[in-house]
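Asker: Mind looking over this structure? Questions follow.
The values are calculated or read from the model by the stated rules, or taken from the named source; none is laboratory data. A quick note: this is a predicted structure, and the numbers were derived from the prediction, not measured. With ideal geometry, Cβ positions are generated from the backbone for all residues, glycine too; neighbour counts draw on all protein chains shown. In case anyone asks, the SASA skips ligands and DNA or RNA and just uses the protein heavy atoms, side chains included. Shrake-Rupley method; radii C 1.70, N 1.55, O 1.52, S 1.80 Å.
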Amino acid sequence: MSPVTTIVSGLPGVGKTTVARALAGSVPRGVLLDSDAVGEGFIVSGLVLPGGTPAPESERQLSLRRRNLCVLAANFAAEGFEVFISDVVLWPALLASYRAAIPGELRFVLLTAGESTIAARDSARDKQVADAWSHLRADQDAWNSPGLRLDTSELTVDATIDAVQRGKSDSRLPSSWV
């Protein structure tokens, strides 16, 4: 069986990591690679968060985090794990860089939700970041993204998992997509 990696994307606070974790738990050999855990969890000193200063260092570390996600995804997939990446991917060039770096089948799921739903979900978790990144909604809404786009405003986590699993064929990116 060829390696399968699924990127679960969306605005901060939409539920990407929760959904990606549940999806990873729904398969016999599943791995969650959370962009925040790789970026913020691995760097012990010298961390510059996305959007932080100095901006060039913030961008450099964000790029490093994503390169590491791709290497980890390839390594786990090579060992027979199905990989689920949680990251904010709202731009064609960024998705193309993932497509170029990740071997095998790549699926893309973009979770969306209304502002009030995201605010409620964000307030119920340990870190509240949705407000700081709400300006990304314009990028999300303007992008006619490939893959599966799913409005989760009225969905539970279980219903979202079911919808993603039903939409597997829609979420597949052709190997030639860039």
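Asker: What helices (runs of 4 or more DSSP H), lying completely within segment 1-103, carry at least 2 residues that are among the aliphatic types (A, V, I, L, M) and in contact with a Pro (Cβ under 6 Å, 6 or more places away or on another chain)?
Answerer: Details: elements: 16-25, 35-42, 55-78, 92-101.
Of the helices (runs of 4 or more DSSP H) lying wholly inside segment 1-103, those with at least 2 residues that are among the aliphatic types (A, V, I, L, M) and in contact with a Pro (Cβ under 6 Å, 6 or more places away or on another chain) span 55-78.
Asker: Quick one: is Leu69 free of Cβ contacts under 8 Å to residues at least 40 places away in the same chain, of a type in the set (A, V, I, L, M, F, W, C) and surrounded by fewer than 18 Cβ atoms within 10 Å (Cβ to Cβ)? Write out each step before concluding.
Answerer: Values: free of Cβ contacts under 8 Å to residues at least 40 places away in the same chain: yes; of a type in the set (A, V, I, L, M, F, W, C): yes; surrounded by fewer than 18 Cβ atoms within 10 Å (Cβ to Cβ): no.
When the stated conditions are applied, Leu69 does not pass them.
Asker: Within segment 72-86, how many residues turn out to be out of contact with any Gly (no Cβ under 7 Å at 6 or more places or on another chain) and open to solvent by 10 Å² or more (accessible area, probe 1.4 Å)?
Answerer: Filtering segment 72-86 for residues out of contact with any Gly (no Cβ under 7 Å at 6 or more places or on another chain) gives 72-76, 78-80, 83, 85-86.
Then drop every residue that is not open to solvent by 10 Å² or more (accessible area, probe 1.4 Å), which leaves 72, 74-76, 78-80.
Qualifying residue count, segment 72-86: 7.
Asker: Assess whether Arg125 counts as being open to solvent by 60 Å² or more (accessible area, probe 1.4 Å), in a loop (DSSP other than H, G, I, E, B) and basic (Lys, Arg).
Answerer: On the way: open to solvent by 60 Å² or more (accessible area, probe 1.4 Å): yes; in a loop (DSSP other than H, G, I, E, B): yes; basic (Lys, Arg): yes.
Spelling it out, Arg125 is indeed open to solvent by 60 Å² or more (accessible area, probe 1.4 Å), in a loop (DSSP other than H, G, I, E, B) and basic (Lys, Arg).
Asker: Sticking with this structure for a sec: Quick check on segment 16-62: of everything there that is open to solvent by less than 70 Å² (accessible area, probe 1.4 Å) and among the charged types (D, E, K, R), which residue is nearest to Asn75 (Cα to Cα)? Write out each step before concluding.
Answerer: Just the residues of segment 16-62 that are open to solvent by less than 70 Å² (accessible area, probe 1.4 Å), to begin with: 16-17, 19-20, 22-27, 30-41, 43, 46-48, 50-52, 55, 57-58, 61-62.
Then drop every residue that is not among the charged types (D, E, K, R), which leaves 16, 34, 36, 40, 57.
On the way: Lys16: 22, Asp34: 15, Asp36: 19, Glu40: 21, Glu57: 27 Å.
The qualifying residue nearest to Asn75 (Cα to Cα) is Asp34.
Asker: Among Ser176, Ser145, Ser153, Ser134, which is of a type in the set (S, T, N, Q), open to solvent by 10 Å² or more (accessible area, probe 1.4 Å) and either within 20 Å of Gly30 (Cα to Cα) or not in a loop (DSSP other than H, G, I, E, B) (or both)? Give the derivation first.
Answerer: On the way: Ser176 fails: either within 20 Å of Gly30 (Cα to Cα) or not in a loop (DSSP other than H, G, I, E, B) (or both); Ser145 fails: either within 20 Å of Gly30 (Cα to Cα) or not in a loop (DSSP other than H, G, I, E, B) (or both); Ser153 fails: either within 20 Å of Gly30 (Cα to Cα) or not in a loop (DSSP other than H, G, I, E, B) (or both).
Step by step, each of Ser176, Ser145, Ser153, Ser134 is checked, and only Ser134 is of a type in the set (S, T, N, Q), open to solvent by 10 Å² or more (accessible area, probe 1.4 Å) and either within 20 Å of Gly30 (Cα to Cα) or not in a loop (DSSP other than H, G, I, E, B) (or both).
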